[in-house]
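Before anything else, here's the structure in question.
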Amino acid sequence: MIDKVITADEAVAGVEDGMTIMVAGFLATGSPEILMDALVRKGVKHLTVIGNDGGLAEGQPANGPGKTPRGIGKLLDNHMVDHIIASHLGVNPRLNEQFADGSLKYTLVPQGTLAEKIRAASYGLGGVLTPTGVGTPMQSEKDELGRDKKVVEIDGREYLFERPLHADYAFCRATICDRFGNFMSAKATKNYNYVMAGAADNVIVAAEQLVEIGSVDPDVFQVSGVMVNHVVEGEPKWQI
Amino acid sequence: MADIKARIAKRVAREMHDGDVVNLGIGLPTMVSDYIAEDIVVTVHSENGFAGLDGYPEPGKEDVDIIDSGGSYVTVLPRVEFFDTATSFGIIRGGHLDTTVLGAMQVAENGDLANWIIPGKKVAGMGGAMDLVEGAKKVIIAMTHTQKGNHKILEKCTLPLTAEKCVNLIVTEMGVMEVRPEGLVVTELHPDYTKEDIQAATGCKLIFDPNMKAMEEE
């Protein structure tokens with residue numbers, strides 16, 4: 001199939017209650033909003049969500065007054081998430097509200113480790129060894145699936161062994177994407193978009209600019225469409 | 001308080017060298033960039049995805065694709081390069097950052113750092129802090145010396161650690177302290193305070209460098 005473009009609702013049709021999804025973005029910059037909107041319309045529940053943070057809530061300063069929730073914040077507002085795996089949970093107030101009422105549990109992972117666990121899944125590695133977190137709760141506490149951490153000593157230095165993090169769906173945002181799924185994410189919207197594309201059974205890319213195959217210099221693209229299952233057009237540029 | 005924070009930021013800025021690549025944490029550490037000497041070139045890394053942070057845009061001139069790690073819209077220098085999170089943390093863990101400047105809840109005399117969680121309180125998370133203090137060649141803690149009168153510089157941290165033995169230098173409103181094998185050594189003392197003052201505000205035994213100087217602000 002050369003043309004992978006489908007609608008947002010078609011793209012999320014296979015997402016079921018209880019699935020694990022990953023959503024790119026850093027405080028919602030680089031998050032695919034039209035795919036979050038489609039998940040809200042579908043009304044899927046009990047998700048495990050992998051992302052850097054909880055996105056933004058309505059009216060948060062970084063989000064602009066009166067603005068609707070952004071990114072993962074949309075899923076939290078609609079109580080669609082049971083477990084969040086992230087590196088920072090202090091910004092969106094919905095997170096701590098839902099931790100307090102017992103409806104949401106969390107697993108914290110250092111930001112660099114989170115990226116590497118996702119990359120390991122995308123790149124077919126059995127895990128990664130990182131010095132980050134040795135001697136901290138990252139070593140003594142269990143991982144996102146309740147497994148003990150292993151410490152590995154190599155040439156006199158201690159590392160934590162971190163397992164791959166794989167999902168049923170990955171939702172990414174492209175600034176420019178062609179119909180085959182080759183894409184690039186501009187400036188600071190790259191964040192997790194490149195590592196998440198490939199770390200899930202189904203990779204969906206929302207495109208700000210959808211272009212015809214062969215219409216731009218291939219050097220523009222930074223992720224191969226080989227990693228992408230479907231493309232959805234119509235992702236808006238964020239308006240302050 | 002504003003004066004104290006500016007004092008700390010100005011002193012930390014003097015630790016920057018021509019050609020350094022640095023990462024500045026949110027809050028007081030971010031203020032350091034305002035005081036870096038104009039005759040040196042320092043490249044500021046933002047862990048969400050670029051090296052070459054400049055400042056803040058005028059209202060209406062924001063680029064919605066460029067935020068810093070605190071979520072603010074920022075401007076970038078002509079030499080900027082944008083990268084994804086895996087590359088950004090490769091730069092950090094791989095030893096390509098000369099210095100990181102962070103705040104702290106607690107620091108121990110051996111360089112242990114706690115700055116990401118208070119058990120039982122609102123959950124925030126470490127973000128990139130654990131990677132930054134593990135990977136940067138030099139870790140500078142910029143903070144007020146005490147928290148509401150409570151000691152923050154201790155024999156041993158009581159809060160969960162961010163990393164073990166990672167801190168190289170502590171800069172507070174009272175002075176500058178280096179973590180050395182023999183202990184925590186005061187190398188500069190602010191003229192507003194005596195040795196007794198800084199010791200009383202500290203929860204571990206301080207060593208006063210024989211060549212200790214007055215902490216300069218400019």
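The values are calculated or read from the model by the stated rules, or taken from the named source; none is laboratory data. What you see is a predicted model, and the numbers here were worked out from it, not measured in a lab. Reconstructed Cβ throughout: ideal geometry from the backbone, glycine too, with neighbour counts over all protein chains shown.
For the stretch B:14-45, enumerate the residues that are within 11 Å of the chain's Cα centre (by Cα), crowded, with 19+ Cβ neighbours inside 10 Å and among the aliphatic types (A, V, I, L, M).
Hits for the stretch B:14-45 are B:V22, B:L24, B:L28, B:M31, B:V32.
What tally of residues in the stretch A:202-230 results from selecting those that are part of a strand (DSSP E or B) and of a type outside the set (D, E, K, R)?
Looking only at that region, the number is 11.
Residue by residue through the stretch B:139-178, note down the ones that are more than 18 Å from B:K10 (Cβ to Cβ) and outside any loop (DSSP other than H, G, I, E, B).
Selection gives B:V139, B:T146, B:Q147, B:N150, B:H151, B:I153, B:L154, B:A163, B:E178.
Okay, residues lined up against (1) within 12 Å of chain A (Cβ to nearest Cβ); (2) at pLDDT below 95; (3) more than 19 Å from the chain's Cα centre (by Cα):
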| position | (1), (2), (3) |
| --- | --- |
| B:L113 | yes, no, no |
| B:K122 | yes, yes, yes |
| B:M130 | yes, no, no |
| B:K137 | no, no, no |
| B:T146 | no, no, no |
| B:N150 | no, no, yes |
| B:R180 | no, no, no |
| B:A200 | no, no, yes |
| B:M212 | no, no, yes |
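I'd like to know if the stretch B:22-30 contains one or more residues that are over 28 Å from A:G90 (Cβ atoms) and outside any loop (DSSP other than H, G, I, E, B).
no
So that you can scan it fast, the table gives a plain yes or no per residue for (1) within 29 Å of A:E235 (Cα to Cα); (2) under 22 Å from the mean Cα position of the chain (by Cα); (3) crowded, with 17+ Cβ neighbours inside 10 Å; (4) among the small types (G, A, S):
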| position | (1), (2), (3), (4) |
| --- | --- |
| A:Y123 | yes, yes, no, no |
| A:G126 | no, yes, no, yes |
| A:T132 | no, yes, yes, no |
| A:G135 | no, no, yes, yes |
| A:G156 | no, no, no, yes |
| A:F180 | yes, yes, yes, no |
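Exactly one of these conditions fails for A:G126: (1) in contact (Cβ under 8 Å) with a residue 24 or more places away in the chain; (2) part of a loop (DSSP other than H, G, I, E, B); (3) within 8 Å of chain B (Cβ to nearest Cβ). Give me its number.
In the conditions (1) in contact (Cβ under 8 Å) with a residue 24 or more places away in the chain; (2) part of a loop (DSSP other than H, G, I, E, B); (3) within 8 Å of chain B (Cβ to nearest Cβ), A:G126 misses (3) alone.
Could you count how many residues in the stretch A:129-169 are in a loop (DSSP other than H, G, I, E, B), more than 10 Å from chain B (Cβ to nearest Cβ) and more than 25 Å from A:H46 (Cα to Cα)?
3
While we're here: Consider B:S69 carefully, then state whether it is of a type outside the set (F, W, Y), surrounded by 18 or more Cβ atoms within 10 Å (Cβ to Cβ) and assigned to a loop (DSSP other than H, G, I, E, B).
So B:S69 passes the test.
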